[in-house]
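Here the structure comes first, spelled out in structure tokens, and everything after it is commentary.
The values are calculated or read from the model by the stated rules, or taken from the named source; none is laboratory data. Remember, it's a predicted structure, so these values are computed and weren't measured experimentally. Cβ sites come from the backbone with ideal geometry, for glycine too, and all protein chains shown count toward neighbours.
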Amino acid sequence: MTPQLKSARPLIEDHALIGDMQTAALVARDGSIDWMCLPRFDSGATFAGLLGTDEHGSWRIGPATPAGAPAPGADRRRYRGETLVVETEWDTATGTVRVLDFMPPRKGRAPQVIRIVEGVSGAVEMQSRLSPRFGYGKRLPWIHDTGGRTAAMSGPDALWLDTSVPGWEKDGVVHHAFTVTAGECVAFALSWQPSHSPAPQVPDAEGALITTSSFWKDWVGQLVYDGPHREAVVRSLITLKALTHAPTGGIVAAPTTSLPEELGGVRNWDYRYVWLRDAAVTLSALLRTGYRDEAVAWRRWLLRTLGGDVHNLQIMYRLDGDPNMPEQLLGWLPGYEDSSPVRVGNEAVEQLQLDVPGEVIETLALAHEHGVARCESTEGLILKLVGYVREHWRKPDDGIWEVRGGRRHFTHSKIMCWVAVDRAVRLVEQGVLDADLDALVRLRDEIHAEVCERAYDRARNTFTQAYGSAELDASLLLLPHTGFLPADDPRVVGTVDAVRRELAPDGVLVHRYLTEGPSVGRDGLPGGEGAFLLCSFWLVDALAHTGRLAEAEELFERLLALRSDLGLLAEEYDPVTGRQLGNFPQAYSLLGLVNTAVLLHNRRKAAAVPVMAA
């Protein structure tokens, strides 16, 4: 090979997301697609340059540059209206050019990435440099011309490139050089197909642009949210929809693996799976803004995946419900900015996390509240999950954050066990669920009493991370949301204030727990991490719940300012470097934004309603 490498990887937040609700790709500001897995989110990456170099797989289209020179970043970029079509523009000495990137919803077709180059003014020399590498950058394909189309094949995978401009292949890289003038369009379409299958149909790029734009506009048209920051809410919801897997109803936590929580660190995980917790809370954001079809699809996924085997409940599954995802290290990839190891699979699947039934039951109850039709199978599943809680709630677990430092009696896990039973009690009282109400109430009261006795530090007026511990945990910010205690209870207010004081040094960005000081090593991992963005939205929610609405709204504005120029968020944020960290874009962060926006809007409306005299 003759590498033509960029000097450094783009920032995590300098990527745009495109997707077809079965997989996704990340497009950097310089016009390079440096991450894409085909044919679905959890498949091997065809472009893995994000975790290494361009030679681990990438596809750049942009203004021509001398060999070896870094590609220029775009002067402007945006999503085209309320769609998942991204526009990237460069101003050059000879003119201005625009590239449209998108992935059409499949509807029975092969997965495709379509890139349309548009001349805006003058004449601009352009280049396309396609380096397909299957197996996460490991396998160099057989690249050849067949009937005027370029094919790249390796093992079970094949890519087909269609364009009107001539190109050539050298050392595993497909090159195209062309000039685009004002008003001219040049389309590139890349399709995936099993290598043994016939060639896919040549895509109609312009037609696909129309149908893709219409799909997203129609979907956004279902939105019922009418509050402030509509643009931020819409962009977050579009991204959450893009992370759903249309054929199965599963929802991935993020489309990437191993983007680091600390630059140069080892906290690099694979998030391309369906966490029951993450998916359930994602559904809560969609339900609150008018989207019920996704809840129905996820409920079907849940029933198929768990079936009658709740006793072997896992915290996550593959998109098709497969419970197997062994963790492996990809030693040939150096990692994003040398943050290694690069992992695929996730051994946290073996963990016990007792909060999960609570999140699932709460979302199923919310779906009922929002008009999703009753389902006898779902009611049976809820009872089985309550039985699981009854059997396991006294055990120590691994906690919401998937620590690898041993099981403990985590307070949040116990509170969510209470939530599981409490929501079941409500469903029985509403006539939705047929169960022994007295037995459920006794179980709920038993869990409540133990948590108040063993997890509350009276001297500091705060609940703690685990029974008998001194450490705090950001998950305690969910106390007022759960209804475990009234929001104005001094123990709740004291906990919110303590978490903010100890885990949010700037009062805004919240860390999940301390990774420095006496608790170092308790999570079983070296190094630290950034502030966890979802926890920061939880802080806003907690302030609103405890009556500090103006303060909550001011804090929300500050969090919105951390979004990328395209409105996207990763998992974490480093307040020192001002960079986003972790897998990107992250469903957890974006659903936090949506739920917080809805909560603040509803609280503000309620505050504006005059109280009627008795």
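Return the pair list, or none, for Cβ contacts closer than 7 Å from residues in region 253-278 that are farther than 25 Å from VAL576 by Cα to residues that are of a type in the set (Phe, Trp, Tyr) and in a helix (DSSP H, G or I), at least 6 apart or on different chains.
From region 253-278, the pairs are ALA253/TYR588; ASP278/TYR588.
Out of all the residues in region 182-197, which are among the hydroxyl-bearing types (Ser, Thr, Tyr), closer than 12 Å to LEU159 by Cβ and surrounded by fewer than 19 Cβ atoms within 10 Å (Cβ to Cβ)?
SER195
I'd like to know if region 271-288 contains one or more residues that are outside any helix (DSSP H, G or I), of a type in the set (D, E, K, R) and either closer than 26 Å to SER339 by Cβ or within 18 Å of the chain's Cα centre (by Cα) (or both).
yes
Would you pick out the residues in region 28-43 that are over 16 Å from the mean Cα position of the chain (by Cα) and either within 23 Å of ASP162 (Cβ to Cβ) or hydrophobic (A, V, I, L, M, F, W, C) (or both)?
ALA28, GLY31, SER32, ILE33, ASP34, LEU38, PRO39, SER43
Of the numbered conditions (1) surrounded by fewer than 18 Cβ atoms within 10 Å (Cβ to Cβ); (2) of a type in the set (Val, Ile, Thr); (3) in the same structural domain as HIS511 (by TED's automatic domain parsing), VAL233 satisfies every one except a single condition; which is it?
Of (1) surrounded by fewer than 18 Cβ atoms within 10 Å (Cβ to Cβ); (2) of a type in the set (Val, Ile, Thr); (3) in the same structural domain as HIS511 (by TED's automatic domain parsing), only one is false for VAL233: (1).
Quick grid of which residues meet (1) surrounded by fewer than 19 Cβ atoms within 10 Å (Cβ to Cβ); (2) outside any loop (DSSP other than H, G, I, E, B); (3) not assigned by TED's automatic domain parsing to the domain that holds VAL120:
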position: PRO39; (1), (2), (3): yes, no, no
position: ASP42; (1), (2), (3): no, no, no
position: THR46; (1), (2), (3): no, yes, no
position: ALA67; (1), (2), (3): yes, no, no
position: PRO72; (1), (2), (3): yes, no, no
position: TRP90; (1), (2), (3): no, yes, no
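Could you tell me how many of the residues in region 214-257 are assigned to a loop (DSSP other than H, G, I, E, B), of a type in the set (S, T, N, Q) and over 13 Å from the mean Cα position of the chain (by Cα)? Please lay out each step first, then the result.
Initially, region 214-257 is screened for residues assigned to a loop (DSSP other than H, G, I, E, B), giving 221-229, 243, 245-250, 252-256.
Narrowing further to those that are of a type in the set (S, T, N, Q): 222, 248, 256.
Those left that are additionally over 13 Å from the mean Cα position of the chain (by Cα): 222, 248.
Total satisfying the criteria: 2.
Just checking, does region 120-139 include any residue being crowded, with 19+ Cβ neighbours inside 10 Å and closer than 27 Å to SER214 by Cα?
no
Hey, can you tell me all the residues within region 461-482 that are among the β-branched types (Val, Ile, Thr) and out of contact with any Asp or Glu (no Cβ under 6 Å at 6 or more places or on another chain)?
Within region 461-482, THR462, THR482 meet the criteria.
Hey, does region 241-249 have a residue that's touching a residue at least 24 places away in the same chain (Cβ under 8 Å), at positive phi and out of contact with any strand residue (DSSP E or B) (no Cβ under 8 Å at 6 or more places or on another chain)?
Taking region 241-249 as the starting set, the residues that turn out to be touching a residue at least 24 places away in the same chain (Cβ under 8 Å) are 241-249.
Cutting the leftovers down to at positive phi gives us 249.
Still in the list and also out of contact with any strand residue (DSSP E or B) (no Cβ under 8 Å at 6 or more places or on another chain): 249.
Yes, the conditions are met somewhere in region 241-249.
Do any residues in region 149-171 that are without any contact (Cβ under 8 Å) to a residue 40 or more places away in the chain have Cβ atoms under 7 Å from those of residues that are outside any strand (DSSP E or B), where the two are at least six apart or on different chains, and which pairs are they?
Short answer, once both residue conditions are applied: ALA152/PRO132; ALA152/PRO141; ALA158/SER195.
For the structure I just gave you, tell me whether GLY108 is on the phi > 0 side of the Ramachandran plot, assigned by TED's automatic domain parsing to the domain that holds VAL173 and not in a loop (DSSP other than H, G, I, E, B).
Considered against the rule, which asks whether it is on the phi > 0 side of the Ramachandran plot, assigned by TED's automatic domain parsing to the domain that holds VAL173 and not in a loop (DSSP other than H, G, I, E, B), GLY108 comes out as no.
Could you run through region 383-410 and say how many residues are of a type in the set (Val, Ile, Thr) and farther than 16 Å from ARG277 by Cβ?
Of the residues in region 383-410, 1 are of a type in the set (Val, Ile, Thr) and farther than 16 Å from ARG277 by Cβ.
For THR83, indicate whether it is touching a Lys or Arg at 6+ places or on another chain (Cβ under 8 Å) and either over 22 Å from LEU240 (Cα atoms) or modelled with pLDDT of 95 or more (or both).
Here the answer is yes, as THR83 does meet what is asked.
Tell me, which helices (runs of 4 or more DSSP H) lie completely within region 402-514 with 3 or more residues that are of a type outside the set (Ser, Thr, Tyr) and surrounded by fewer than 22 Cβ atoms within 10 Å (Cβ to Cβ)?
411-429, 437-454, 490-503
Please indicate, with yes or no, whether at least one residue in region 469-479 is polar (S, T, N, Q) and touching a residue at least 40 places away in the same chain (Cβ under 8 Å). Please lay out each step first, then the result.
Step one: of region 469-479, the residues polar (S, T, N, Q) are 469, 475.
Then drop every residue that is not touching a residue at least 40 places away in the same chain (Cβ under 8 Å), which leaves 469, 475.
Scanning region 469-479 turns up at least one residue that is polar (S, T, N, Q) and touching a residue at least 40 places away in the same chain (Cβ under 8 Å).
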